[in-house]
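Okay, so here's the structure we're looking at.
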Amino acid sequence: MTSRMRITYAPWGETLAELAEVSRRAEAAGAETVWVPELHRSATVTAAALAQATSTVRVGTAIALAFTRSPMVTALEALDIDEISGGRFVLGLGSGVQRLNENWHNAQWGKPVGHLRETVRNIREFIATCTSGDEIALEGEYEPMRIRGYERPFPVVRDRIPVYLAAMGPAMTRLAGQIGDGWISHELCSPRYLTERILPELETGIGRTEGKTRADLDVVVSACCSVDPDPAQARRRVAGLVGFYASVRTYADFFEFHGLGEQQQAVIDAFRAGRGADYLADSVTDEMVEALTLVGDRDQVAAQIAAYEGKADSVKLSPPTHGIDAADTRKAQDEIIALIAELTGGKA
């Protein structure tokens with residue numbers, strides 16, 4: 001079976017060595033990009049390790065936090081990873097939430113749409129001009145940049161590195177369409193939600209950039225994936241991840257859109273009663289899992305992936321990790337890599 005969409009993967013590993021090994025396996029299986037997050041590890045350091053470990057697959061951050069580094073540091077890290085990878089790097093950026101920025105990182109938040117717009121502008125300007133010695137003088141409410149007397153003495157692989165933006169709300173999604181080379185979805189994004197809520201906002205944003213068309217934007221839908229010959233086992237593995245997101249009231253509109261508002265409230269009640277956010281699987285219904293994740297045997301999951309055809313350009317598969325042990329995640333990961341090989345004709 002083959003797919004017109006790009007099949008990409010978010011590898012999991014307890015160590016950087018395991019992440020590197022899994023990335024090589026995903027590369028051999030036919031994944032076109034491997035993506036790394038930023039929470040328990042630095043996205044850019046991890047991306048550099050995977051760039052060194054692989055040879056053909058693109059390496060992307062999904063996502064690096066946009067406001068916790070200066071735009072110049074982010075640009076320098078992107079240039080370095082692009083050099084390590086030989087031009088295979090994709091810089092995925094996201095704002096994160098206000099509490100994380102201000103309380104965890106002591107980073108400026110402001111109005112995130114305007115802040116991210118200036119951040120991307122500065123990163124692109126620095127990458128494009130850093131070897132010329134030209135002055136950079138950019139005004140801004142959040143990220144003014146004034147650099148004079150600087151000239152990077154090393155060649156760059158590319159003077160424009162793709163910048164993808166993670167977005168869920170309408171304003172940020174429109175920004176991704178307007179200025180991004182790609183858009184990356186939240187971990188839970190059904191085909192119907194993509195079609196009805198996301199794509200219209202992306203099209204609005206695209207229309208704000210002269211000469212830009214839908215073909216110029218890589219729409220990457222993220223999908224937590226649990227493959228098992230036993231559908232009940234597949235659902236059990238991924239229920240904890242659904243519970244983790246359902247515990248956050250910010251996602252109420254998302255769950256209501258899918259007719260799951262009451263079921264989300266049951267999860268929130270369990271969370272408030274003292275159950276940890278990673279351990280809410282018992283409060284998650286099969287209906288929630290089936291609506292929001294890719295779950296079942298290989299044929300079932302392949303059919304669920306195919307439901308994104310004509311809507312998404314790329315699908316980013318990831319294994320379940322919440323509320324299950326490492327052995328279960330590894331087993332789920334092995335099944336996904338085997339499925340990728342089946343979808344692409346690669347080597348499992």
Taking the chain as a Gaussian network, where each spring joins two C-alpha atoms under 10 Å apart, which residue of Gly149, Gly60, Gly182 fluctuates the most? Gly149
Note down the Stokes-Einstein diffusion coefficient of the stretch 230-294 in µm²/s, whole number, using a Kirkwood radius over alpha carbon pairs, 25 °C, and 0.890 mPa s. 214
How far apart, in nm, are two points set 7 Å out from the Cα along the Cα-to-Cβ line at Ala215 and at Asp286? 4.5
Under a straight-distance cross-link criterion of Cα-Cα below 12 Å, which aspartates and glutamates are reachable from Lys331, leaving out those fewer than 8 residues away in the same chain? Asp228
Bounding extents of the chain in its principal axis frame from Cα atoms, largest first in Å, are 62, 42, 38
Sites Ala252 and Glu18 - FRET efficiency at Förster radius 30 Å, r taken between beta-carbons, to 0.05: 0.25
To make sure I understand the rule: partners must be lysines, Cα under 21 Å from the Cα of Lys212, and not fewer than 8 residues away in the same chain. Which ones qualify? Lys311
Putting +1 on Lys and Arg Cβ atoms and -1 on Asp and Glu Cβ atoms, find which of Val284, Ala107, Ala273 reaches farthest to the positive end of the dipole of the chain. Ala107
From the C-alpha gyration tensor of the stretch 162-251, pull out the three semi-axes of the equivalent ellipsoid (sqrt of 5λ each), sorted largest to smallest, in whole Å. 30, 14, 10
Only Lys, Arg, Asp and Glu count, each charged at its Cβ (+1, +1, -1, -1), so figure out the dipole size of the chain about its Cα centre, rounded to 20 debye. 420
What residue among Ala232, Ala338, Leu202 has its Cα farthest toward the positive end of the dipole of the chain, where the charges are +1 on Lys, Arg and -1 on Asp, Glu, each on the Cβ? Leu202
For the chain, set up a Gaussian network in which alpha carbons nearer than 10 Å are linked by springs, and say which option among Glu196, Glu290, Glu335 fluctuates the most. Glu196
Stokes-Einstein, Kirkwood over Cα pairs, the stretch 60-109, 25 °C, 0.890 mPa s; D in µm²/s equals 213
In a GNM of the chain with a 10 Å cut-off on Cα contacts, which of Glu309, Glu256, Glu83 has the highest mean-square fluctuation? Glu256
Membrane-span-like helices (DSSP H runs, Cα span along own axis at least 20 Å, mean Kyte-Doolittle at least -1.0) in the chain -> 71-85, 112-129, 231-246, 326-344
Relative contact order of the chain, defined on C-alpha pairs under 8 angstrom at six or more residues apart (%): 20
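Taken together, the values in this text are just the output of simple stated rules run on the coordinates, not laboratory data. It should be emphasised that the depicted structure is a prediction, and the values quoted were computed from it without experimental measurement. All Cβ positions, glycine included, derive from the backbone under ideal geometry; neighbour counts span all protein chains shown.
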